[in-house]
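Notes follow once the structure below has been shown.
Throughout, read-outs are computed from the coordinates displayed, never taken from laboratory work. What you are looking at is a predicted structure, and each value in this text was computed from that prediction instead of being measured. Heads up, the Cβs are rebuilt from the backbone with ideal geometry, glycines too, and the neighbour counts pull from every protein chain shown.
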Amino acid sequence: MDEIRMLGREEASQRIEELADVLVDCVMGGASVGFMAPYGRADALSFWQGVIETVADGATLLFVAERNGRIAGTVQVGMRQMPNQGHRADIKKLLVKESERGSGLARRLMDAAEDAAAAGGKTVLVLDTATGSPAETVYRKLGWQWVGVIPDYALYPDGRFCSTTLFYKRVGSGAATA
Ligand SMILES: CC(C)(COP(=O)(O)OP(=O)(O)OC[C@H]1O[C@@H](n2cnc3c(N)ncnc32)[C@H](O)[C@@H]1OP(=O)(O)O)[C@@H](O)C(=O)NCCC(=O)NCCS
């Protein structure tokens, strides 16, 4: 059974090992999500500790997809922006364990993230992803608007250059805007 939930600081801290498992799985599977190989549990725990601090102060909304009670996927909404961009949020670290992919978890996580951002008054959402990655296809399917490609923006975990594609989506009252 699958469930999408938002985690607060306390629960995220209690479940940090499961969050770390998802991130290590994705990075070691080759996803370009900010980290280099080899990437281990200690690296992931340290990353999530930082995220949890931002959850605590309301800057980040953290969602997880549970499958049979275990975290199988996650996504974050960066809610805190500069004063002239308060209507914007950033979608970050959409991650689904390799063994659980292809069964709609990312779609459900993104639905929850977009709804929460809209409920929080956001009208424009932005994200970037590795050009040519499965995620790029996913975002197009979920109605995100392609903006463009920045060549060699980042690296894959194995050190190869990785281009980045930018997307945006209007939500909430912004969805009515052309
Ligand atoms: C990108 C990712 C999150 C997708 O997760 P997922 O749970 O498999 O995605 P879903 O099953 O919800 O698929 C959503 C849609 O995209 C499609 N899709 C998913 N993976 C696809 C792929 N590899 N190729 C083509 N389409 C794909 C699905 O068919 C579905 O479309 P539909 O609802 O119209 O049938 C997952 O592949 C992942 O974690 N990748 C590594 C981390 C990463 O790159 N994250 C993005 C960071 S920006």
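Worth pointing out:
- The fewest-to-most ranking of I4, I150, I71 by surrounding Cβ atoms within 10 Å reads I150, I4, I71.
- By average C-beta atoms within 10 angstrom, highest first, the peptides 78-84, 52-58, 94-100: 94-100, 52-58, 78-84
- Estimated purely from DSSP H runs of n ≥ 4, each contributing -39500 (n - 2.57), the mean residue ellipticity at 222 nm for the chain is -10000 deg cm²/dmol once divided by its residues.
- Three-way shape label, segment 43-178, alpha-carbon gyration tensor, a/c 1.5: rounded
- Size of electric dipole in the chain: Cβ of Lys, Arg +1 and of Asp, Glu -1, about Cα centre, debye, nearest 20: 500 debye
- In sequence order, calculated HN-Hα J values of segment 120-135 (Karplus, 6.51, -1.76, 1.60; Hz; x Gly/Pro): x, x, 7, 10, 10, 10, 10, 8, 9, 8, 5, 4, x, 7, x, 4
- Taking 0.36 nm per residue of sequence separation and removing the Cα-Cα distance, the S163/Q81 pair yields an extension gain of 27.0 nm.
- Lys, Arg +1 and Asp, Glu -1 on Cβ, resulting dipole of segment 68-132 about Cα centre, debye, nearest 20: 140 debye
- Karplus-derived 3J(HN,Hα) values for segment 12-18, using 6.51 cos²θ - 1.76 cosθ + 1.60 with θ = phi - 60°, are 4, 5, 5, 10, 5, 5, 5 Hz; glycine and proline are entered as x.
- Across the chain, the mean sequence separation of Cα contacts (distance under 8 Å, 6 or more residues apart), normalised by length, yields a relative contact order of 22 percent.
- Label zone at D2, where the point sits 7 Å out along the Cα-to-Cβ direction: segment 93-122 residues whose backbone N lies under 11 Å: 100-111
- Length available on full extension from S99 to Q49: 0.36 nm per residue minus the Cα-Cα distance, which gives 15.5 nm.
- Sequentially through segment 44-61, phi angles give Karplus couplings (6.51, -1.76, 1.60; θ = phi - 60°) of 5, 5, 5, 4, 5, 4, x, 4, 4, 4, 6, 5, 4, 9, x, 6, 10, 9 Hz, Gly and Pro residues having no value and appearing as x.
- Remark on L155: its backbone amide H falls under 5 Å from those of C162, a criterion applied only to residues 5 or more positions apart or on other chains, H modelled at 1.01 Å from N.
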